[in-house]
Amino acid sequence: MSSTTRRELGDTDSPMEDELEHAFQRMIAEGTQRLHRSWREVLVTGFFGGTEVAVGVLAYLSVLHATHNQLLAGLAFSIGFLALMLGRSELFTEGFLIPVTTVAAKRANAGQLLKLWSGTLIANLVGGWAIMWLVMRAYPKLHQQTIESATHFVAAPVTAETIALALLGGMVITLMTRMQHGTDSVTGKMAAAVAGAFLLAGLQMFHSILDSLLIFGALSTGVAPFGYLDWLSWFGYTVVANIVGGLGLVTLLRLLRSKDRLQDERESAEES
């Protein structure tokens, strides 16, 4: 079936199905707003994103300490993703689908994308570090569990397994974003957040921000068997693999699926 025929059959004149068109419009509208933020807005929103994920880490550690069940702890971590969604804050790895699609549609430029990524990444880490320091002061009973959980990641050798876990981590968080923007239902968005948390934390995928906060918590106890240089070495390959997983396994395919609609959007942007 040609794109012309699909335009005639749908409620809109889009070359995509109506549901995909509505999701596309939501992504472009949100992405345009996010990418045109000032540095102050980017940093503050990213800082809150880090603090909210840290609250999810607290829930994760508390349940893991009490039950020793990784899957239940993963469900508890969904508190962090729900806070991100309802609080409208920003997580670095959420920037792989919507902002990239917006740049591809010429509603923003690559410089604005780099500003969003760099500012959000730094602010996530700073905000998360601050809350994890407080958590370790407030809950000394969680020190040993935090060190054990953090060591699982930071001491892992660079192997095909760890790279695959980091690629999957980037894919899952981007897939969660895609699911949330595929519906107007708040319940549906919340379900996507819980599912993403279950997979990411429950199955111990490698995630540059989430796992960094575990490592920061362990470091703040003063007795962790590793240091910040060990974290930096782990972080370097994990963040690259997260980006590759999010962009290559989800975003690129989404862009290919929306190729005709993106062309329409680029032409509209050039005319305006």
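A few remarks follow.
- In the chain, helical runs assigned H by DSSP with n ≥ 4 each contribute -39500 (n - 2.57); averaged across all residues and rounded to the nearest 500, the mean residue ellipticity at 222 nm is -25000 deg cm²/dmol.
- If only the Cβ of Lys and Arg carry +1 and only the Cβ of Asp and Glu carry -1, the dipole of region 55-174 around its Cα centre is close to 360 debye.
- Cβ charges +1 (Lys, Arg) and -1 (Asp, Glu), total dipole of the chain, debye: 600 debye
- If you plug the beta carbon distance of Tyr237 and Ile122 into 1/(1 + (r/R0)^6) with R0 = 25 Å, you get a FRET efficiency near 0.85.
- Relative intensity of region 16-265 on a log10 scale, I(q)/I(0) at q = 0.09, 0.10, 0.12 Å⁻¹, equals -0.37, -0.45, -0.65, per a Debye sum over C-alpha point scatterers of equal strength in the absence of solvent.
- Exposure proxy for Met171, Met132: other Cβ atoms within 10 Å of each Cβ, ordered fewest to most, give Met171, Met132.
- Among the helices of the chain, those built from whole DSSP H runs whose Cα atoms reach 20 Å or more along their own axis and whose mean Kyte-Doolittle hydropathy is at least 1.0 are 39-67, 70-87, 110-138, 160-180, 186-202.
- Extent along principal axes [Cα atoms of region 168-272; Å; largest to smallest]: 59, 32, 23
Each reported figure results from applying straightforward, stated rules to the coordinates on display, with no laboratory input. What you are looking at is a predicted structure, and each value in this text was computed from that prediction instead of being measured. Quick reminder, even Gly has a Cβ in these numbers, built from the backbone with ideal geometry, and neighbours come from all protein chains shown.
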